[in-house]
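K.L.:
This is the structure I want to talk about, given as structure tokens.
The values are calculated or read from the model by the stated rules, or taken from the named source; none is laboratory data. Predicted model only: the values in this text are computed from it and were never measured. Ideal geometry is used to build each Cβ from the backbone, glycine not excepted, and the neighbour counts take in all protein chains shown.
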Amino acid sequence: MITAKNPVHAALFLVLAFFSAGGIWMLLHAEFLAIALVMVYVGAVMVLFLFVVMMLDINLERIRQGFWSYLPIGALIGILMLAEMVVVLGSRYFGLEHVPQPAEFPAGYSNTKELGRLLYTDYVYPFELASIVLLVAMIAAVALTLRKRKSVKALDPAKQIAVKRDDRVRIVSMDAEKK
């Protein structure tokens, strides 16, 4: 995705990466998270990204100017991330041997039900705190981007309700025309 020259192709490669992440969740027996990832990211977010990328007039030459100058820093960060993954996956505390296999699950086990049970029992306070933080962030984003524009005409509902019939209707008496 990063090395694609066309922005639309890069967005489509990102869709492929999201599908791959969903496949990894399926391999880890987390079907709910896999479906949620595909529906939310591929179904909604990436469609929005594709619309934005296709509607913008992007200057590709300007974007590519600084690619080679940032390559050493990007390579260093990539090597650090690879080393971290090797340490985490190679250790005995965080390895994949702790992931239960399908034979270990009891009959009728649902990871979605288990996720809901944990979310609303053991982790109810962090879940509620996260929802409050997201609500405050959403209100802050609306408040920061809300501007009063003079060119936009707006109606005041209080003035519309307070009006009387005599203020709006004027009866005009006119003489009839003769043909």
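K.L.:
Quick check, is Met1 surrounded by fewer than 16 Cβ atoms within 10 Å (Cβ to Cβ), closer than 26 Å to Tyr109 by Cβ and hydrophobic (A, V, I, L, M, F, W, C)? Talk me through it step by step, then tell me what you get.
P.N.:
Values: surrounded by fewer than 16 Cβ atoms within 10 Å (Cβ to Cβ): yes; closer than 26 Å to Tyr109 by Cβ: no; hydrophobic (A, V, I, L, M, F, W, C): yes.
Here the answer is no, as Met1 does not meet what is asked.
K.L.:
For region 129-179, give me the residue count where each residue is in a helix (DSSP H, G or I) and not hydrophobic (A, V, I, L, M, F, W, C). I'd like the intermediate steps shown before the answer.
P.N.:
Taking region 129-179 as the starting set, the residues that turn out to be in a helix (DSSP H, G or I) are 129-145, 157-161, 165-168.
Filter once more, keeping what is not hydrophobic (A, V, I, L, M, F, W, C): 131, 145, 157, 159-160, 165-168.
Total meeting the criteria: 9.
K.L.:
Return a yes/no flag: does region 50-58 have any residue that is at pLDDT 75 or above and in contact with a His (Cβ under 7 Å, 6 or more places away or on another chain).
P.N.:
no
K.L.:
Of the conditions (1) at pLDDT 90 or above; (2) more than 30 Å from Leu27 (Cα to Cα), Asp122 clears all except one; give me its number.
P.N.:
Among (1) at pLDDT 90 or above; (2) more than 30 Å from Leu27 (Cα to Cα), Asp122 violates only (2).
K.L.:
Moving on to the next point. Return the pair list, or none, for Cβ contacts closer than 9 Å from residues in region 95-116 that are loosely packed, with under 10 Cβ neighbours inside 10 Å to residues that are modelled with pLDDT of 60 or more and part of a helix (DSSP H, G or I), at least 6 apart or on different chains.
P.N.:
Leu96/Leu89
K.L.:
Gly78: at pLDDT 80 or above and within 30 Å of Met1 (Cα to Cα), yes or no?
P.N.:
Numbers: at pLDDT 80 or above: yes; within 30 Å of Met1 (Cα to Cα): yes.
Here the answer is yes, as Gly78 does meet what is asked.
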